[in-house]
Amino acid sequence: MEEELYYKEITPSGFGIAIKIKEVLFSEYSKYQKVEILESDSKLGKILTLDDLMMATEGDEYFYHEMIAHIPMMNHPCPKTVLVIGGGDGGTVREVLKHKTVEKVVLCEIDEMVIDVSKKYLPTISCGLDDPKVEIKIEDAIEYIKDKKDMFDIILIDSTDPMGPGVGLFTEEFYKNVMDSLKEGGIMVAQSESPVANEDEIKHMYRLLKKVFPIVSSYTSPIPTYPGGYWAWAFCSKTVEPLSYIDEERCEEITKQCKIYNKDYHMARFAIPTFLNDLTNNLN
Amino acid sequence: MVDEQNYYREITPSGFGIAIKIKDILFSTQSKYQKIEVLESESSLGKILTLNDLMFLTEGDAYHYHEMIVHVPMLSHKNPKNVLIIGGGTGATAKEVLKHKTVEKVVVVDIDEVVVDTCKKYLPEVAGCLDDEKVTVKIMDAFDYIKESDINFDVIIITSPDPLGPGVGEYTSEVYQNLKRLLNTDGIIVMQSESPVANEQKSKILYESLLKNFEIVKTYSSPVPTYPGSCWVWVFCSDSVNPLDNYDEQRYEEITKNCKLFTKEYAEKRLEQETLLDDLL
C-alpha cells in the first residue's frame, strides 16, 4: 500500500488494475503469506489480497466464483462429493452448496488465517463455510490428496498464482493424484490464470495437464478486478467432455441464484479466442 | 492521469480501475476539443493513446476492441462495400475494416485533426491505414457529416464515446433519421455501449432509444483488458439483417486468419450469451 491509498497491481506483461482504498482493515503475515483486507471507497466493498495479489472483492467476486463452480458442477449428472483446494475465502464453497445434489464439500486450505479473516471481514463470501455439509481441512493439499482414491465427483483447484504457497499445486505429480482422487465420471477444474497477462504460466500449466488428463479444455470469462480483465480455467477429466451434459431443470435452479451464470452463458464459455486456443494447444 | 510514480491510472466512479506502468509521456497537448496524450508503457502494451485522461487504446491490446466492433457487422453483411466510421481518427477501426476484400470505400469522420495527426506520428502501425487509397478522412463534426453526406453505406460503425451528441444514448431523433437515411436497406449500424459493469444506467438509456429506432437490436460483449471493468459491450442494429446472417465460409476463414481473437464460433457465442439487454430493460 502506498500513501495515497490506491491498491495497484501490475503484471509483468503490463496489464494492471487500480482501486481507490479508504482503509487497510487487516494486514498480517501468516506462516505462508501476507494477508490483507482493504476497504475500497466504492461498491467493490472489501477486498482480500494475498502477497499483494488480488484474490476477491465483495463487489465482483461472483464473476470468478460462479465460473469456477457451476461450469463443472452442471456438467456432472449428480455431483455429491466435492473437494475445493485453496479457496479459503469460501466463495467457491458457497457456490458449490447451491447444488442440491451435494452431500459433502471438503475445503482443503493450507492457511487458516485466510479462512479466519474471511469469516470475520467477508461474511457474504465466507457464509458457506459453517454449513454442516462442509468439512474444513487446514493442510497442504499436496499431502491431503495422496491417499484419496476415487473419492470426489468434482475437484476445484481455487489456488493462488503459481508462486508462493501455491506453487506445488502446479506440478505433474499433483495433477496425477488429483485425477486418481476423482470418481468415475469426475471432473477437475483449476483456475489457469489470465489469458493475456500470464502466457508462459498458461503454457506451462496446460503442458502438464495434458500429460495427465485425457481431456483438457479451457474456458474463459471476464473478471473486472483481475489484471488483464479476464480469466481462464482448465476443465479436465478422464472421460467427460465439456458441454457433454446439462440438466435443464438444475440449470434453471442455479441460474435463479446467480448474477452471471445461465445456460447460454455456460455454452458460450468454451468458444475461446484464437490466441488462447493457440496458447493451450500448440505446446511443443 | 499519470501519477507521481509513473503509473497511468484510471478509475470509474463505480470503483473499477486500471493501472499501467509508464516509461515516458511521448506527447501531451490540449487540442481545440480535448486533451490528447501518447504514453509509452514499459511493457508489451506498447504505446498508449488517452483522450481527456481516458484510455482510448494501447498498441498491445487494441485488437480486443476493434476485432469485435468491426468483424461482427462486416461479416453479417453479404457484400459490404461502403463503410462509415464515426469517431475513428486513430485508424484502429479502419485497419480492421480494410481486412475485408469487398470494401471499396471507407469514410472516417473525426472532429479532431490533432488525434489523426498524433496517431499517424506515434502509432503508425494503427493509423497508417488512414493513408490507404480506399480511405477518406473527414475532419468535421460527425453530426454535420451525417446531415450533409449523400453516400449510401452498408455498414456504419460508431466507435468513439459520444460523437453525436452530449453523450451515449442521448441521440436526437434527427441523428437517427440521418443515420438511417445514409444506411442502405440491408445496412448495419454497430456502436460501442460502454462497460456493462461500470455504466449500467447509460447503457439502459441507449438500448431503449435503439429499440425504438431499429427492428433488430442485439448486444454482444467481450473482454477488453485495458478498459476499467474489462467487459465491454457493442450493439448491433439493423432493420433487416440479424447478426452473423449471410454466412460465407471463405470470408470467415480469411478474416479469422488475420485476427488474434475473432472466430465465427467466438462471435456467435458472444451474441448468444448476452442476456444483458433483456436484464437491463
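Laboratory data are not the source of any read-out in this text; all were calculated from the coordinates shown. Computed from a predicted structure; not experimentally measured. Using ideal geometry, Cβ is built from the backbone for each residue, glycine included, and neighbour counts are taken over all protein chains shown.
Extending 7 Å from the Cα toward the beta-carbon at both B:Glu200 and A:Glu103 defines two label points whose distance is 4.0 nm.
Provide the gained length on full extension for the span B:Leu54 to B:Tyr247, in nm with one decimal, where the gain is 0.36 nm per separating residue minus the Cα-Cα distance.
Values: separation 193, 0.36 × 193 = 69.48 nm, distance 3.66 nm.
Additional length available on full extension: 65.8 nm.
Taken over region A:1-88, the alpha-carbon convex hull comes to 131 cubic angstrom per residue. I need the shape label for region B:7-58. Rule: rounded when a/c is under 1.5, else prolate if a/b > b/c, else oblate, with a, b, c from the alpha carbon gyration tensor. It comes out oblate by the Cα gyration axes. Sparsely packed loop sites in region A:72-172 (the trypsin sites (Lys or Arg not before Pro) outside DSSP H, G, I, E and B with at most 16 other Cβ atoms within 10 Å) comprise A:Lys80, A:Lys100, A:Lys133, A:Lys149. Would you mind getting me the FRET efficiency between A:Thr274 and A:Cys127? Use the beta-carbon distance for r and R0 = 41 Å, nearest 0.05. My answer for the efficiency is 0.55. Estimated from the Cβ-Cβ distance and a Förster radius of 56 angstrom, the FRET efficiency linking B:Leu211 and A:Asp147 is about 0.40.
Fewest neighbouring Cβ atoms within 10 Å first, the residues B:Met191, B:Met1 line up as B:Met1, B:Met191.
Across every pair of non-identical alpha carbons in the protein assembly as shown, the mean reciprocal distance, once inverted, gives a Kirkwood radius of 24.6 Å. For region A:204-270, dividing the convex hull volume of the Cα atoms by the residue count gives 96 Å³ per residue. Using every pair of separate Cα atoms, the Kirkwood estimate puts the hydrodynamic radius of region A:52-96 at 11.4 angstrom. Net charge in the neighbourhood of B:Lys147 (other residues with Cβ under 11 Å of its Cβ; Lys, Arg +1, Asp, Glu -1) is -4. For chain A, the convex hull drawn through the C-alpha positions has a volume of 116 cubic angstrom per residue. Counting only Cβ charges, +1 for Lys and Arg and -1 for Asp and Glu, the dipole size of region B:62-280 around its Cα centre is about 320 debye. Show log10 I(q)/I(0) for region A:6-57 at q = 0.16, 0.19, 0.21, 0.23 Å⁻¹, two decimals, from a solvent-free Debye sum over equal Cα scatterers. One equal scatterer on each Cα of region A:6-57 leads to -0.45, -0.62, -0.74, -0.85.
Scale the Cα Rg of region A:64-217 by the rule-of-thumb value 2.2 N^0.38 Å and send over the ratio, two decimals.
Computed over Cα atoms of region A:64-217, the ratio equals 0.97.
When the listed pairs A:Lys20/B:Lys23; A:Lys137/A:Lys176; A:Lys34/A:Lys183; A:Lys31/A:Lys183 are checked against a 26 Å cut-off, the alpha-carbon distance exceeds it for A:Lys34/A:Lys183; A:Lys31/A:Lys183. Whole-percent P(r), chain B, all Cα pairs, 10 Å bins from 0: 7, 30, 38, 21, 3, 0. Loop only per DSSP, at most 11 neighbouring Cβ atoms within 10 Å: give me the GluC sites (Glu not before Pro) in region B:199-269, ordered by residue number. In loop regions of region B:199-269 (DSSP not H, G, I, E or B), the sparsely surrounded GluC sites (Glu not before Pro) are B:Glu215.
Which residues in region B:101-123 place their backbone N less than 17 Å from a point set 7 Å from the Cα of B:Asn79 along the Cα-to-Cβ direction? Under cut-off, by backbone N: B:101-105. Restricting attention to region A:46-124, the count of lysine pairs at 8 or more positions apart or across chains with alpha carbons under 18 Å apart stands at 5. Structure note, pairs A:Lys8/B:Lys47; B:Lys134/B:Lys218; B:Lys78/B:Lys269; B:Lys134/B:Lys212: Cα-Cα distances above 24 angstrom occur for B:Lys134/B:Lys218; B:Lys134/B:Lys212. Placing a pseudo-label 7 Å from each Cα along the Cα-to-Cβ vector at A:Glu173 and B:Lys260 gives an inter-label distance of 3.8 nm.
Label-to-label distance for B:Met1 and B:Glu125 is 3.0 nm, based on points extended 7 Å past Cα in the beta-carbon direction. Backbone N atoms of region B:47-74 closer than 17 Å to the 7 Å Cα→Cβ label point of B:Thr29 belong to residues B:48-53. Database remark: amide H of A:Lys183 closer than 5 angstrom to the amide H of A:Met151, A:Phe152, A:Asp153 (H placed geometrically; neighbours at sequence offset of 5 or more, or on other chains; Pro and chain starts carry no H). With the cut-off at under 15 Å, measuring from each backbone N in region A:6-29 to a point 7 Å along the Cα-to-Cβ line of B:Glu42 picks out A:9-16.
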